[in-house]
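The values are calculated or read from the model by the stated rules, or taken from the named source; none is laboratory data. Bear in mind that the values here come from a model prediction, so they are computed numbers and not experimental data. Methodologically, a virtual Cβ is constructed for each residue, glycine included, from the backbone with ideal geometry; neighbour enumeration extends over all protein chains shown. SASA here: full protein model, heavy atoms, side chains in, ligands and nucleic acids out. Shrake-Rupley method; radii C 1.70, N 1.55, O 1.52, S 1.80 Å.
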Amino acid sequence: EQEDGAKVVRVKNMNNPYKNQDHFDMRFKLTLNKLYAWSLVDYDRVIMLDSDNLFLQKTDELFQCGQFCAVFINPCIFHTGLFVLQPSMEVFRSMLHELAIGRENRDGADQGFLASYFPDLLDQPMFHQPPNATKLDGNYRLPLGYQMDASYYYLKLRWTIPCGPNSVITFPSAPWLKPWYWWSWPVLPLGLSWHRQRLQTLGYNAEMPVVLMQWIVYLGVIAMARLARSNLSKLCYRRVEKSSSSIQTGLKLLTLWSIVAAYVLPFFLIPRTVHPLLGWTLYLVGSFALSSIAMNAFLLPMLAVLTPGLGILGALLVMAFPWYPDGVVRALVVFAYAFCCAPIAWTSLVKIMTCHQVSPEKEVFFPKLGDSQPSPDPIKLC
């Protein structure tokens, strides 16, 4: 805040009277706090932004727009990820009154309320930057380039917006695929553009201590699992009596779940907002580290255990390939890759599950009391 000269205004959460209506999404519960922007009467114009906006160039001319300006990325409903307003206590009090009497709101969020409050915006003229820094009066539609839906890009893998300056990209996608999450790239290619700008501004100093700690832990796990291999491998010795079939089944399930945990657990440990290249690298290293415990404990074949990790790495390379002609071809290639990898993954799973088949001999890890040395009977290790 001090470096950027930002002035923070803290407000009390506005009660959302629509939270009990049918199909209400609870993530919109506090979005009506946006209405406080009309109370910032110390300013001539305010540009309200959602956090998932990526600026490609300066948009200072928006401060010349009128009393209310927004973009129609939907043919009939304007989007409130970015809009311009002229603060007014009269308008603010009017909005609070409309909330109190229950003005119609199709989604229970700020967008539904503002669309109802400014129902004629679609009939207003298009905003064009006036000369000589003149400020306009009235309401205006903003060109589509001020709020480009990232979905347009994913279809063609290039921008084909013909109207207005291509200034701002918005990401109205699933909340768990927002561009600041490391796993959103290369699933959504534009995530890397977001992190390029973050690298030039905020950086990643806040996440680096946790990242370095995880690197140290994972490398330590790999080393310890290798050094303790001889002791861990004793877990693979099993009796061959008929009564041990349930033990073998439990061992197989334990093996399977240990491998699943090795590929799931690192995903939740990595700081969510690290750079994607660092995040994916740390994920693969973490998965290998935890998989090494299962490999050394159960003497599993390395290639079979690492097949999911290699498959994920291949999928990342396929998705990140930059020369697809359009998004449809990219999606088909990803599907073809998954189709080809499915038999390999199944073969690896079968190999891991059959690894615990034992020969009809006696276990040597638990010799009978009084035996001077382990039985020389042959056994089978995984």
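Annotations
- If the segment from Phe72 to Phe339 were pulled out straight at 0.36 nm per residue, it would be longer than the present Cα-Cα gap by 92.2 nm.
- Three-way shape label, region 41-84, alpha-carbon gyration tensor, a/c 1.5: oblate
- Axis angle, to the nearest 10 degrees, between helix 327-353 and the longest C-alpha principal axis of the chain: 20 degrees.
- Residue order for His79, His97, His128 - accessible surface, 1.4 angstrom probe, largest first: His128, His97, His79
- Taking Cα atoms only, the orientation of helix 302-320 departs from the longest principal axis of the chain by about 20 degrees.
- Sulfur and carbon atoms: percent of accessible area, the chain [1.4 Å]: 63
- Accessible area per residue for region 26-172 is 48 Å², calculated with a 1.4 Å probe on protein heavy atoms, without ligands, DNA or RNA.
- Rounded to the nearest 10 degrees, the inclination of helix 89-101 to the longest alpha-carbon principal axis of the chain is 60 degrees.
- In the context of the full set of protein chains, residues of region 259-333 present 44 Å² of accessible surface per residue (probe radius 1.4 Å, heavy atoms only).
- For Phe83, the residues 5 or more places off, or on other chains, whose built amide H falls under 5 Å of its own are Met48.
- Computed over every Cα-Cα pair of region 26-172 and binned at 5 Å starting from 0, the pair-distance distribution P(r) comes out as 2, 9, 18, 23, 21, 15, 8, 3, 1, 0 percent.
- Anisotropy class assigned to region 205-355 is oblate, per the alpha carbon gyration tensor with a/c at or over the 1.5 cut-off and a/b no larger than b/c.
- Computed packing ranks the peptides 291-297, 14-20 as 291-297, 14-20, most packed first, by mean other Cβ atoms within 10 Å.
- Within region 21-59, chymotrypsin sites (Phe, Trp or Tyr not before Pro) in DSSP loop having at most 12 other beta-carbon neighbours inside 10 Å: Tyr43
- Computed over the chain, Kirkwood Rh from alpha-carbon pairs, angstrom: 25.7
- If R0 equals 22 Å, the separation of the Cβ atoms of Met208 and Ser51 corresponds to a calculated FRET efficiency of about 0.50.
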